Structure formats: structure tokens, C-alpha cells
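Reviewing the structure listed below.
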Amino acid sequence: MKALVYSAPGQFAVSETPTPQPRATEVLMRVHACGVCKTDLHIHQGHFFSAFPLIPGHEFAGEVAAVGPEVTRVRPGDRVVADNERQCGYCAYCRRGEPLFCENLYAQGVNAPGGFAEYVLVDERQVYPLDEQVSYLEGALAEPTACAVHGLDVIRPRVGDEVLLFGAGPTGLILAQLLRRSGVSRLVVVDLSAKKLDLAARLAGAEIVQPDPVHPTAHLDRLAADMPAGFDIVIDATGVSKVAAGLPQFARYGGKIVFYGVCPENERIEISPYEVFRRELTILGSFSQALTFDRATRLVNGGAVQVKEMVTHTFPLEGWGDALRMVSDGRESVKIVITP
Ligand SMILES: [Zn+2]
Ligand SMILES: [Zn+2]
């Protein structure tokens with residue numbers, strides 16, 4: 001099969017590799033769509049817990065091509081998406097019901113073969129059905145949706161909460177839709193891209209704020225003036241440390257501050273412990289997902305989360321270099337999907 005293979009960070013080629021054969025409870029998927037995300041860029045740069053050589057791609061949808069002899073729940077020809085992660089089940093975290101922190105995580109596209117290939121091998125327990133009316137391109141957004149479902153589990157918004165969200169990339173847009181559906185009374189989304197803000201307004205009913213490049217902090221002053229008491233929930237989905245550092249000033253007394261975007265590992269921000277104490281702020285982190293695919297695929301299949309319009313570009317495997325440039329620039333595209 002054809003696959004995008006990294007021999008080391010930054011070193012990639014589309015090459016011919018053996019097509020894996022499903023054994024026991026394994027399922028061989030013919031990949032029709034695999035989403036590109038910032039994590040792939042971090043892996044490319046060597047800034048993630050990835051292992052090489054590696055076939056990246058952790059957001060895949062496709063068709064069951066073959067199954068191992070013990071598989072009972074799917075058949076060749078079934079349309080599916082697959083959770084890219086498999087927890088060990090026996091580490092201390094797994095045995096405490098905290099699979100997100102599994103110490104022996106098998107994460108396809110990160111430390112195990114992923115979906116930037118014609119075929120990917122998964123276990124039956126990772127597979128979820130993709131409805132007939134939902135395209136494979138949309139199916140590729142099931143993984144980011146699973147991450148947003150986890151985000152919502154962490155944030156636990158209350159009906160009527162007022163929310164400020166910085167960043168309208170794909171996971172930000174999905175999070176915005178889930179927040180809106182969970183009954184928040186006000187959702188304000190800030191992003192540099194007019195295209196992303198338009199999606200936030202239409203898909204999540206958000207009030208949108210676009211910073212003025214000439215006066216890059218004017219919108220922050222306006223937000224502060226508009227909500228002098230602050231928001232119940234303030235979220236960074238940009239992964240820009242400077243934005244993350246500014247969250248506390250927009251939170252009301254008793255509010256929640258959420259680090260949802262992936263900031264560079266070595267950067268630091270200043271937080272006033274007195275302010276967290278005096279105003280009883282809650283600081284939350286939301287990382288990846290574990291066992292939220294079941295709910296995520298129901299949301300995508302049922303149309304409760306709209307992802308179709310988020311896919312702005314598709315590339316074949318050979319277009320990986322262009323896809324990478326586009327995702328690192330981030331201005332032109334919303335979601336890029338590879339169609340192997
Ligand atoms: Zn991702
Ligand atoms: Zn474990």
C-alpha cells in the first residue's frame with residue numbers, strides 16, 4: 001500500500017509499504033479520508049510524544065476492507081470511523097477509570113501506524129459506524145469532535161452561562177456548537193479569520209469579534225467594557241500563550257478558565273495566585289479524548305454537530321507538503337483532509 005512515512009521529524013516520503021493483514025479481532029480499514037491537524041505539525045517538528053518511523057494521521061474514516069476471524073461487529077464494506085487510541089486497561093490510571101492518562105497509550109498516528117495511508121489496521125473495539133448520509137470527509141471530523149466532547153465534559157457549562165472563546169479552528173468550532181447546544185446564553189468567539197468567524201456565527205450562533213490588525217488590542221478593551229463583570233467561562237482554543245495569559249481578566253468571580261488549545265511546551269505565562277484565590281477562579285485543562293468516540297459519532301451522524309462546511313481543502317497523500325504549509329499558516333484553510 002501507499003503511505004506517508006516519516007523516518008524522523010521533518011523527514012517524510014510517500015512510499016510503498018506492506019499492507020497489514022487483520023488477525024484475531026483486528027479490522028483493516030481502507031482509508032477514504034484522514035484529517036490534518038496542528039498535532040501533525042507538532043509531530044513533523046518533533047514536538048510530541050511520537051515514535052519514529054511513523055505513518056501519521058489520527059483522524060480517519062473509511063470502509064472496512066477485511067476483518068480478522070474473531071471480529072463479529074463489522075463486515076467488509078461497512079462505513080466506519082475509528083478511535084485512533086487504545087488504552088492498555090491494566091495501568092494504575094486505566095484501573096481507576098481514567099483512561100485519558102493511560103501510561104501505555106497506543107495512539108495511532110502518534111506512536112503507532114496511522115491513517116495517512118491507503119489502509120490502516122485497528123481493533124474492532126476502536127470502530128464506530130458512519131451513517132450513509134454522512135460523507136467520509138465529515139467522518140474524518142469525528143476525532144476532533146471526540147476531543148470537543150471531552151472538552152465539554154471538563155468544562156461542564158451550566159445552562160445560561162456566558163462564554164468567551166478565543167480561537168475558531170476546527171476543534172474550537174465544534175466546541176462552540178456543543179456549548180451552544182448545552183444552553184449557554186451568550187457565546188462570543190474571537191478569531192483573526194473572517195471565514196472561521198462566519199462559521200462560528202452560522203453553526204454555533206456565536207457573536208463574533210475580529211481583532212483589528214492596526215489596533216491589535218482594541219477588541220480586548222471593547223470586550224472588557226462590554227462585560228465589566230466578566231464571563232462565566234473563558235476558553236483558549238488558539239494555543240497562543242499570549243492569548244492564554246489574558247484569560248483571567250475576562251473571567252467573572254467564580255469563573256472558569258480553560259486551556260484547550262495546544263500551547264508550545266516550553267512557554268510560560270504569569271498567573272496571579274492572589275487573583276485565583278480572591279476571585280475563586282477555576283483553571284481547567286482539556287487534553288485529547290478517551291472513550292468519547294461513541295458520543296462523538298452520534299453527534300456527527302445525527303447532525304447535532306455540523307462539520308461539512310469546515311472542510312475547506314483536500315489533498316492526496318502526495319500533497320502532504322502543501323497541506324503542512326497550509327496548516328502551519330492557518331489563514332487560508334479551516335480543515336484540511338487527506339484523501340489517500
Ligand atoms: Zn487532531
Ligand atoms: Zn493504561
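The values are calculated or read from the model by the stated rules, or taken from the named source; none is laboratory data. Computed from a predicted structure; not experimentally measured. Because the Cβ atoms are built from the backbone with ideal geometry, glycine has one as well, and the counts that use them run over all protein chains shown.
With the structure loaded, tell me whether ASP232 is exposed (fewer than 14 other Cβ atoms within 10 Å of the Cβ), among the acidic types (Asp, Glu) and assigned by TED's automatic domain parsing to the domain that holds PHE166 or whether it fails that test.
Criteria not met by ASP232.
Do you know which residues across region 124-164 are within 16 Å of ligand 2 (Cβ to nearest atom) and buried (at least 17 other Cβ atoms within 10 Å of the Cβ)?
Listed by number, the list holds a single entry, GLN126.
Would you kindly identify the strands (runs of 3 or more DSSP E) lying entirely within region 12-105 that contain at least 1 residues that are under 26 Å from PRO264 (Cα atoms)?
So the answer is 26-36, 60-67.
Within region 96-112, take every residue that is farther than 15 Å from LEU291 by Cα and within 16 Å of ligand 1 (Cβ to nearest atom) and give me the one that is surrounded by the most Cβ atoms within 10 Å (Cβ to Cβ).
GLY109
What helices (runs of 4 or more DSSP H) lie completely within region 241-332 and have 1 or more residues being of a type in the set (Lys, Arg), out of contact with any Lys or Arg (no Cβ under 8 Å at 6 or more places or on another chain) and farther than 25 Å from LEU178 by Cβ?
The qualifying helices (runs of 4 or more DSSP H) are 241-245, 273-278, 320-329.
How many of the residues making up region 80-95 are away from ligand 1 (no atom under 15 Å from the Cβ) and touching a residue at least 60 places away in the same chain (Cβ under 8 Å)?
1
If I filter region 114-123 down to residues being surrounded by 22 or more Cβ atoms within 10 Å (Cβ to Cβ) and not in a strand (DSSP E or B), which single residue comes out as farthest from ligand 2 (Cβ to nearest atom)?
Restricting to residues being surrounded by 22 or more Cβ atoms within 10 Å (Cβ to Cβ) and not in a strand (DSSP E or B), the top hit is PHE116.
Name the residues in region 36-67 that are surrounded by 24 or more Cβ atoms within 10 Å (Cβ to Cβ), within 14 Å of ligand 1 (Cβ to nearest atom) and either small (Gly, Ala, Ser) or over 20 Å from the mean Cα position of the chain (by Cα) (or both), would you?
Result: GLY57, ALA61.
Being under 16 Å from ALA107 (Cα atoms), of a type in the set (S, T, N, Q) and away from ligand 2 (no atom under 16 Å from the Cβ) is the requirement here; does THR25 meet it?
No, not satisfied.
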